[in-house]
């Protein structure tokens, strides 16, 4: 029998869960009014929990937005991701947004992530994302 996920953090925009069985953190965005500062708070809390749990693997279900916000995109790439690496996050499984315009912004974000040499995988389902995360081992 699998262990239930532990709640780490929750606000109006998202929930962060720790999956002890797979040793990864999971971020699920809610359908809610989007505010950059609230989204940044979620990601800052994710860093806190990466350090606290020691889990370097992260599964993120992208926000259900009509567009991938450029300010958020830029902040993630140039502010948050470098600090995430330092905190110990090294591997990201991503579930992409379904909206066409959000997906276009997401694809651009992925190309820039690739240039930053971030280990990531875009999954079509949570099951596929979890399976990929379980196969990943840190490069020493």
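Taken together, the values in this text are just the output of simple stated rules run on the coordinates, not laboratory data. Remember, it's a predicted structure, so these values are computed and weren't measured experimentally. Cβ sites come from the backbone with ideal geometry, for glycine too, and all protein chains shown count toward neighbours.
Write down the percent of antiparallel bridges among all DSSP beta bridges whose residues are both part of the chain, to the nearest 5.
Percent antiparallel among DSSP bridges in the chain is about 40.
Determine, for 139, 15, 60, the number of other Cβ atoms within 10 Å of each Cβ, and report the residues in order from fewest to most.
Least crowded to most crowded, the residues run 139, 15, 60.
Given a cut-off of under 8 Å on Cα pairs at least six residues apart, what relative contact order in percent is computed for segment 50-140?
Relative contact order here is 35 percent.
For residue 127 and residue 30, calculate 0.36 nm times their separation in residues minus their Cα-Cα distance, and state this gained length in nm to one decimal.
Full-extension gain reported as 33.0 nm.
For the chain, take N as its residue count and report Rg(C-alpha) divided by 2.2 N^0.38 Å. Display every interim value, and only then the final one.
Values: Rg = 14.0 Å, N = 140, 2.2 N^0.38 = 14.4 Å.
Dividing the Cα radius of gyration by 2.2 N^0.38 Å gives 0.98.
Average the reciprocal distances over every distinct pair of alpha-carbons in segment 1-57, invert the result, and give the Kirkwood radius in Å.
Kirkwood radius, segment 1-57: 11.7 Å.
If you rank 61, 85 by fewest surrounding Cβ atoms within 10 Å, what's the result?
On the way: 61 18, 85 14.
The fewest-first ordering by Cβ neighbours comes to 85, 61.
Can you put 127, 19 in order, fewest other beta carbons within 10 Å first? If you can, show how the numbers build up before the last one.
Working: 127 9, 19 20.
So the ranking, lowest neighbour count to highest, is 127, 19.
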